[in-house]
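The values are calculated or read from the model by the stated rules, or taken from the named source; none is laboratory data. Because the structure is predicted, anything quoted here is derived from the model rather than measured. No Cβ is skipped: glycine too gets one built from the backbone with ideal geometry, and neighbour counts run over all protein chains shown.
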Amino acid sequence: MVVQNGLRAFKAGVFQALAHPSRIAIVEVLRDGEHSAGAIQERVGLEQANLSQHLAVLRGRQIIVNRKEGNQVFYSLRDRMLIEVLDIMRLYFHANLSEAVVMLEEVKAERQQP
């Protein structure tokens, strides 16, 4: 039971780190491979201070790793398996969206009946 609780805490920590759309956007940028902080900033469109905070959260949860080269810092995913998790979440979203569309169509059809 202790192992299960530790695993659940780990999972919760990862989901907490990903609980902000900007952090998911950062991870999605890194799906293509390593990028400098400046390139991430440009692609995600965050202010530098805000980006730094999000990168710190992702580093703290060991979702991303960084390396310095001169005065630049480069970031990459620690494990690409996280991309698979995000891809599954996209499928989950689409499945739920499809169900919602079907329900809306049924409601619309009911309203049109006399």
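Is one or more of the residues making up segment 66-77 assigned by TED's automatic domain parsing to the domain that holds residue 22, closer than 19 Å to residue 22 by Cβ and free of Cβ contacts under 8 Å to residues at least 24 places away in the same chain? Taking every residue of segment 66-77 in turn, at least one turns out to be assigned by TED's automatic domain parsing to the domain that holds residue 22, closer than 19 Å to residue 22 by Cβ and free of Cβ contacts under 8 Å to residues at least 24 places away in the same chain.
The rows are residues; the columns are (1) within 14 Å of the chain's Cα centre (by Cα); (2) modelled with pLDDT under 95.
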| site | (1), (2) |
| --- | --- |
| 22 | yes, no |
| 34 | no, no |
| 47 | no, no |
| 50 | no, no |
| 76 | yes, no |
| 107 | no, yes |
| 110 | no, yes |
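So, in segment 16-55, exactly how many residues are assigned to a helix (DSSP H, G or I) and surrounded by fewer than 11 Cβ atoms within 10 Å (Cβ to Cβ)? Let's see the steps before the verdict.
Filtering segment 16-55 down to residues assigned to a helix (DSSP H, G or I) leaves 16-17, 21-30, 37-44, 48-55.
Next cut, surrounded by fewer than 11 Cβ atoms within 10 Å (Cβ to Cβ) only: 21, 48-49.
Of the residues in segment 16-55, 3 are assigned to a helix (DSSP H, G or I) and surrounded by fewer than 11 Cβ atoms within 10 Å (Cβ to Cβ).
Of everything in segment 57-114, what is part of a helix (DSSP H, G or I), among the β-branched types (Val, Ile, Thr) and over 20 Å from residue 11 (Cβ atoms)? Give them in sequence order.
Once the filter is applied, which keeps residues that are part of a helix (DSSP H, G or I), among the β-branched types (Val, Ile, Thr) and over 20 Å from residue 11 (Cβ atoms), segment 57-114 yields 101, 102, 107.
Under the condition of being surrounded by 12 or more Cβ atoms within 10 Å (Cβ to Cβ) and under 11 Å from the mean Cα position of the chain (by Cα), the residues counted in segment 1-15 number 1.
One residue stands out in segment 56-107 among those that are loosely packed, with under 12 Cβ neighbours inside 10 Å, in contact with a strand residue (DSSP E or B) (Cβ under 9 Å, 6 or more places away or on another chain) and not basic (Lys, Arg): the one that is nearest to residue 40 (Cα to Cα), namely 72.
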